[in-house]
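A.B. asks: Got a structure here, written out as structure tokens. Questions coming.
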Amino acid sequence: MRRGFSTAVAVGALALGAAACGGGGGGADEGSGSKAAKEPGSVSGTVTWWDTSDATNEAPTFRKLVSAFEKKYPKISVDYVNVPFDQAQQKFKTAAQSGRGAPDVLRSDVGWTPGFAQLGYLKDLTGTPALSERGDFLEGPLKNAAYNGKTYGVPQVTDTLGLMYNKDLLKRAGVAGPPANWQEVKTAAAKIKARTGAGGIGLNPDSYYSLPFLYGEKSDLVDVARKQITIADAASLKGIETAVDLVRSGAAPKPAGTDGYNNLKTDFKNGRLAMLIDGPWATKEIFGGAAYRDRTNLGIAPVPAGSTGVAGAPVGGHNLAVYAGSKNFDAAYLFVRFMTDAARQETAATSVGVLPTRKSAYTKGVLADPVRDAYRRALVTAHPRPAIPQGGDLFTDWLQHYTKILTLKEDPKAGLDATAKAWKATLLKDYEIRK
């Protein structure tokens, strides 16, 4: 988890934003005139890489890419370590803080990158060989690699959420196509239940999945520019009440806590649930279900819009970041550039289904897969996450309340207010709570 139109239109819609400021000091080539980068063929040494990808599905492909790198640069060896995603954030923080055992390169979740950068654990990659073709990267993923005007990671993979739907169930219920807004979801769910007996839409009570409801009301967790906590403002409350209404009305089955979402996915893949909000990482499991033995039965559309007419889901993904205490920046830069170039991104996309972060990696081969093409379309309306050090931690307090809210155990306003106060007390002391 947070863990992915014509090609010309998509590329135009995902145009690159303004370039970040100049680089920091200390590397072989920081873009600040410190020292010219070495010729690639003369670079030698060892690069330790902590790969946080799924050990079963994604890691084998990345191991092959590592071997290809070592073949291209025979003077550089890679010490590959697959670190479980749920352990990697704290493990890296501990190693970097102590100055012992941190890798040269980390596959960092986009939510971790600003926090590590603020702590001084990551190298500013602006102007380095690691980020030599920044104009080829999509705007959203590149923003998710930045903090305070500098770029601390190179986007390796990206993702977003979309509306998955069972084409056959919608057709049997007389629903012409995927609902475009939450009210249409509610209406479609009632028809589906009455005419097919299947449930409507599965909603994950994990707090990350609340974001489309906030974005649909033009709100967010925080307003970074104004230094305001917005999770409890009127727009956010309206968005969360929309989610609760889907549950109360029966359009969405009430999830049995966070783990209950696995039951909803099981119902969806076996044809007992018509719609599901999820990301490209879930499709491998979905295609294992009885309802999708014919893969063309799976439809994927952008998440539904809110009352404002706006639809949006978060931009997720991972960056390759270089440890500020690395002893071999030249080799680390070459490794990051190789693993994030268009050819390697195309290989990863076609092998394990991840979404590229480079415009040029969306080749005919990548877009031939309907899943990747659909999520690429969804990326057009996706929102970068707040680029603040506390960004990855905001979901922790919100999780306990959103789960209670969506399972109808807590009043939405009370849960939102409690979350805002918790953030103000611990994570965002210099922010004001907006009502």
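A.B. asks: May I ask you to derive the FRET efficiency for Thr187 and Leu408 from their Cβ-Cβ distance with R0 = 30 Å, giving the value to the nearest 0.05?
C.D. replies: 0.90
A.B. asks: Mind checking the range 79-124 for trypsin sites (Lys or Arg not before Pro) that DSSP puts in a loop (not H, G, I, E or B) and that have at most 11 other Cβ atoms within 10 Å?
C.D. replies: Arg100
A.B. asks: Still on this model: Assign one of three labels to the range 197-314, namely rounded, prolate or oblate, based on the Cα gyration tensor with a ≥ b ≥ c the square roots of its eigenvalues; rounded applies when a/c is under 1.5, prolate when it is not and a/b is larger than b/c, and oblate otherwise.
C.D. replies: prolate
A.B. asks: List every residue whose amide H lies under 5 Å from the amide H of Ala274, counting only residues 5 or more places away in sequence or on a different chain, with H placed 1.01 Å from N in the peptide plane.
C.D. replies: Correct list: Gly199, Gly200.
A.B. asks: Related question: Which of the pairs Lys91/Lys327; Lys150/Lys284; Lys64/Lys171; Lys284/Lys429 have their Cα atoms more than 31 Å apart in this structure?
C.D. replies: With Cα atoms farther than 31 Å apart: Lys150/Lys284; Lys64/Lys171; Lys284/Lys429.
A.B. asks: List His401, His318, His383 from most exposed to least, where exposure is judged by having the fewest other Cβ atoms within 10 Å.
C.D. replies: His383, His401, His318
A.B. asks: Something else now. Could you tally the net charge around Thr350, taking each other residue with its Cβ under 9 Å from the Cβ of Thr350, Lys/Arg +1 and Asp/Glu -1?
C.D. replies: Result for the neighbourhood of Thr350: -1.
A.B. asks: I've got another one for you. What order do you get for Arg295, Arg172 when you list them from fewest to most C-beta neighbours inside 10 Å?
C.D. replies: Arg295, Arg172
A.B. asks: Also: Looking only at the chain, where both bridge partners belong to it, what percent of the DSSP beta bridges are antiparallel (to the nearest 5)?
C.D. replies: Bridges in the chain are about 60 percent antiparallel.
A.B. asks: Next question, about the same structure. For the pair Ser42/Asp86, report the inter-label distance in nm, with labels modelled 7 Å from Cα in the Cβ direction.
C.D. replies: Each label point lies 7 Å from its Cα, and together they span 4.8 nm.
A.B. asks: Also: Using a Förster distance of 35 angstrom, determine the FRET efficiency expected from the C-beta separation of Ala194 and Thr363, and round it to 0.05.
C.D. replies: Working from the Cβ atoms, E equals 0.20.
A.B. asks: Output wanted: per-residue J couplings in Hz (rounded whole) for the range 46-62, from phi through Karplus 6.51 cos²θ - 1.76 cosθ + 1.60, θ = phi - 60°, x for Gly and Pro.
C.D. replies: With the stated coefficients, the range 46-62 comes to 10, 10, 8, 10, 8, 9, 9, 6, 4, 5, 8, 8, 9, 4, x, 5, 5 Hz.
A.B. asks: Ok, one more. To make sure I understand, if each residue's beta carbon is the centre and we count other beta carbons within 10 Å, what order do Met339, Met275 fall in, fewest to most?
C.D. replies: Going from least to most buried by this count: Met339, Met275.
All of the numbers you see were taken from the coordinates with simple rules; none came from a lab. Note that the coordinates shown come from a computational prediction; the quantities given were computed from them, not determined experimentally. Counting neighbours? That spans all protein chains shown, and the Cβs are built from the backbone with ideal geometry, glycine included.
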